[in-house]
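The values are calculated or read from the model by the stated rules, or taken from the named source; none is laboratory data. A quick note: this is a predicted structure, and the numbers were derived from the prediction, not measured. Cβ placement follows ideal geometry from the backbone for every residue including glycine, while neighbour counts extend to all protein chains displayed.
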Amino acid sequence: MGRGYARHSRVQRRAGDYGMPLLHRALDAVVLPEGGAPFRAADLGVAAGSNSLEPMRAVVEGVRGRTGEETPVTVVHTDIPDNDFNTMFATLLDAPGSYAHLPHVFVHAEARSFYEPLFPPAELHLAWSAIAVHWLSRVPAPVPGHIFSSRATGDVRRALKERSRADWEAFLAHRARELRPGGQLVVLGGACADDGTTGADGLMDAAEAVLTDLVRQGLLTSDEYARMTIPTWNRTTEEFLAPLRTEPLAGVLRVEEHDLVVLPDVLLDRFRETGDVQDYAGQVTAFFQAAFLPSLLAALDPGGPEGRAEVVAETFATGLRARVAADPEAVETHWHVVPLRIARG
Ligand SMILES: C[S@@+](CC[C@H](N)C(=O)[O-])C[C@H]1O[C@@H](n2cnc3c(N)ncnc32)[C@H](O)[C@@H]1O
């Protein structure tokens, strides 16, 4: 994720806002380094970095507020190797007042999946991950007739749920090893209600309908369309908590707080104020493009004519804008988030 994400991640930023109180409590509770040793933090799933500025500033200020001195702080921003780390560094370094320019703050990046080990044992004092752990390590099977995992049924649904379980357990097991005793982990997890609804199903249905149109127009093959699946799984609260209630994790990680938050639709709220339907359709489409379109375009046959992906992307965007403008309320979206604060015992 790159510049597009930096510009169109207001929805995710709103989710991050709900994590800030948990982050402040984590900073109050974390066991601090002694003797001038650095405080080591990780930001897992950074994307373009735009939404990491505020929480990482809070980390530096929170630590120094407690130590009363300019404790050195290292922050490692991680993401998958395909992430646009150049844009990330540009965002972190160019933003006015960025935490990255505070004295004795050291900013690093690591290009590796958070479902793998990322740090040596007992390295981290604090880890933060916002709106990232619903991305699966891989899709076990495409969802027949849809792009979104919450629309999956039967064996495909079971396989997605199992992949999600294994990924979340791997994430927690690695962090349990990497956090120091007394360390803190704050996760804002992409979630769903107990009945499996994500609050984004209308938006995903609209995107699905546009892709079906592209197949009808001959711009996508039916095989490409059949492979298009967004590799996410929004977990229920129970799915987040289950591995933390049983050994081996229950003996090492302790859930300090959790919640289920239903986010407001910030784009629709603005449209209701302004009445500008074209602006609204453009914002919804730009959000979808930045967050999900790269996953869909990955399903295109390799070796097609030069510029084909751009044509598909542009035609898709035009179609989604038109659909949203024609029926703005149909894509009303209320993402669900489970904020979690977990202590390393
Ligand atoms: C929706 S963005 C959230 C970015 C940012 N934390 C925020 O709050 O806006 C999700 C990010 O998670 C990253 N991601 C997905 N799977 C990942 C994995 N296995 N390991 C590390 N990062 C991952 C994606 O590449 C993307 O940059």
Query raised in the report: From the list Leu253, Leu249, Leu297, which one is more than 30 Å from Leu172 (Cβ to Cβ) and touching a helix residue (DSSP H, G or I) at 6+ places or on another chain (Cβ under 7 Å)?
Result: Leu297
Query raised in the report: Only one of (1) assigned to a strand (DSSP E or B); (2) without any contact (Cβ under 8 Å) to a residue 60 or more places away in the chain is not met by Ser113, so which one is it?
Result: (1)
Query raised in the report: Conditions: (1) within 26 Å of Leu263 (Cα to Cα); (2) modelled with pLDDT under 95; (3) within 16 Å of the ligand (Cβ to nearest atom). Ser150 meets all but one. Number of the miss?
Result: (3)
Query raised in the report: Looking only at residues in the range 87-107 that are away from the ligand (no atom under 15 Å from the Cβ) and assigned to a loop (DSSP other than H, G, I, E, B), which one is surrounded by the most Cβ atoms within 10 Å (Cβ to Cβ)?
Result: Ser98
**Report entry** Residue list for the range 36-86, restricted to those being part of a loop (DSSP other than H, G, I, E, B), among the hydroxyl-bearing types (Ser, Thr, Tyr) and more than 16 Å from the ligand (Cβ to nearest atom)
**Finding:** Thr71
Query raised in the report: Any residue at all in the range 142-155 that is in contact with a Lys or Arg (Cβ under 7 Å, 6 or more places away or on another chain) and under 25 Å from Ala209 (Cβ atoms)?
Result: yes
Query - Residues located in the range 180-212, provided they are modelled with pLDDT of 95 or more, in contact with a Lys or Arg (Cβ under 9 Å, 6 or more places away or on another chain) and not in a strand (DSSP E or B) - result: Cys192, Met204, Asp205, Ala206, Ala207, Glu208, Ala209, Val210
Query raised in the report: Hey, among the residues in the range 271-316 that are aliphatic (A, V, I, L, M) and away from the ligand (no atom under 16 Å from the Cβ), which one's surrounded by the fewest Cβ atoms within 10 Å (Cβ to Cβ)?
Result: Val311
**Report entry** Scan of the range 2-35 for residues that are modelled with pLDDT under 70 and more than 10 Å from the ligand (Cβ to nearest atom), ordered by number
**Finding:** Arg3, Gly4, Arg7, His8
Report task. Out of Val337, Val277, report the one residue that is within 17 Å of the chain's Cα centre (by Cα) and of a type in the set (A, V, I, L, M). Result -> Val337
Query raised in the report: (1) buried (at least 19 other Cβ atoms within 10 Å of the Cβ); (2) in a helix (DSSP H, G or I); (3) within 16 Å of the ligand (Cβ to nearest atom): which one isn't true of Glu169, the others all being true?
Result: (1)
Query raised in the report: Among the residues of the range 259-268, is any of a type in the set (A, V, I, L, M, F, W, C) and in a strand (DSSP E or B)?
Result: yes
**Report entry** Answer residue from the range 219-237, given it is surrounded by fewer than 18 Cβ atoms within 10 Å (Cβ to Cβ) and of a type in the set (A, V, I, L, M) and is nearest to Ile131 (Cα to Cα) among those
**Finding:** Ala226
